[in-house]
1. Could you give the length gained by full extension between residue 315 and residue 176, i.e. 0.36 nm per residue of separation minus their alpha carbon distance, to one decimal place?
2. I'd like the trypsin sites (Lys or Arg not before Pro) in the stretch 181-241 restricted to DSSP loop residues with at most 16 other Cβ atoms within 10 Å, sorted by number.
3. So how strong a dipole does the chain carry about its Cα centre when Lys and Arg Cβ are +1 and Asp and Glu Cβ are -1, to the nearest 20 debye?
4. Return the sequence-ordered ³J(HN,Hα) values of the stretch 64-70 in whole Hz as given by the Karplus equation 6.51 cos²θ - 1.76 cosθ + 1.60 applied to θ = phi - 60°, using x for Gly and Pro.
5. Which one of 254, 131, 238 is farthest out on the positive end of the charge dipole of the stretch 125-254, using unit charges on Cβ (Lys, Arg +1; Asp, Glu -1) and the Cα centre as origin?
6. Could you compute how much accessible surface residue 88 exposes when probed at 1.4 Å, giving the result in Å² to the nearest 10?
7. Please list, in order along the stretch 186-197, the HN-Hα scalar couplings obtained from phi with the Karplus expression 6.51 cos²θ - 1.76 cosθ + 1.60 (θ = phi - 60°), rounded to whole Hz, x for Gly and Pro.
8. In whole Å, largest first, what are the principal axis extents of the Cα atoms in the stretch 154-265?
Amino acid sequence: MAALALGVAVSGCSPSDRPRLAAMHGTSHAAIPGIADARSFSDQPEVMEQELEKALVREGKHLGLPKGSVLPPAHFLALSGGGDDGAYGAGLLAGWTAHGDRPEFKMVTGVSTGALIAPFAFLGRDYDSVLKDVYTNSTPENIYAPRFIVTAALTDDALADTAPLYQTISRHVDAALMAKIAAEYRKGRLLFIQTTDLDAGVAVRWNIGAIAESGHPDALTLIRRILLASASIPAAFPPVLFDVETDGQPHQELHVDGGAVSQAFLLPPGVSLREARRESGYKRKGATAYVIRNSRLTVAYSDVDRRTLPIAQKAVSTLINYNGQGDLYRMYTLTKIANVGFNLAYIDSDFQAPHKEDFDQAYMRALYAYGFDKAAHGFPWRHTPPGLDASARD
């Protein structure tokens, strides 16, 4: 995505007359009309705490267990951003299925390309074929349509149009899939997708299960637009507008790629799994988190031309890489506080394949096969972020 991301150096948004009430009242008051539990903001950890409590109660009831009972071990999955490197996560999940020990995840979170993977990872192995199709058969034409660069940079809201990506999302995220997500939500399972509210500069965690289960007539369209927004690289892809209300007054929020805030997330700071267990009346036997980073830990070496755009492009890709590493340390710390096991996967240095363009089909097929092969033979998960204990493996 680095080639597309260079647009941040030159592109600006066109003027808009949309109301900006959120700036006056604070984003915490903005809500999706008709869906009370649709989302929370990164500065509202108590909302996710409450959702975790309710999920434990739903799980206990689904299993027919009275309060005070011990629930089975839980497995959490976080899927990071990474553009076409999402082929790695798609292959890893399918290989994990082939190995025979892929668990059902109690909670799945996704950002950017990880958001596109997340609904299918949440629903399990039956959707491995969908992920394989998306990440091995897609071409740039299935993702975006370039705009005329001069007008795009000066007067449009992005360098490319993502109508093809929305069509790809809509082809796979249909009413039947939404109904399955709703059914799993009623069992106490959670699916969160992160976007960035660009007006407020905060992360928004969308509760996809609650939206799916709401029965709202626009729920399916909303879920599709959330997935599109989470993958909308600022300036490269157009932002997505969401209709919201603040104190009964309608207005719109401008949302872009969730990776503008963080490349991946498990729990926001302040959320305690111990507290959720205590408040719900249930206990948990144990929990394990898996983080799939759809990228490398290092920035590839390249001779940078001494010109504005190549310099900006390389600087942005470097910034994204190191911010992503910081996210790993944050997630690791939160799992230690919550007494949750930590497992990390990323594209290692043993993968080498030419990458000629964004969404290069040959590259994605090679990367999918790499992730599949690693997992099919028993993935060597790392248990600490890079630099903490390089030798920590299964």
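1. Working: separation 139, 0.36 × 139 = 50.04 nm, distance 4.25 nm.
Extra length available between residue 315 and residue 176 comes to 45.8 nm.
2. Working: sites: 186, 187, 189, 205, 224, 225; in loops: 187, 189.
Answer in residue order: 187.
3. Working: 38 positive and 43 negative charges, 262 e Å.
With only Lys, Arg, Asp and Glu charged at Cβ, the dipole is about 1260 debye.
4. x, 9, x, 4, x, 6, 9
5. Towards the positive end, the residue furthest out is 131.
6. 0 Å²
7. Computed from phi, the couplings for the stretch 186-197 are 5, 8, x, 9, 10, 9, 10, 10, 9, 10, 10, 6 Hz.
8. 48, 35, 28
The values are calculated or read from the model by the stated rules, or taken from the named source; none is laboratory data. Model, not experiment: these values are computed from the prediction. Please note: Cβ atoms are built from the backbone with ideal geometry, for glycine as well, and neighbour counts cover all protein chains shown. Side chains included, ligands, DNA and RNA excluded: accessible areas come from the protein's heavy atoms. Shrake-Rupley method; radii C 1.70, N 1.55, O 1.52, S 1.80 Å.
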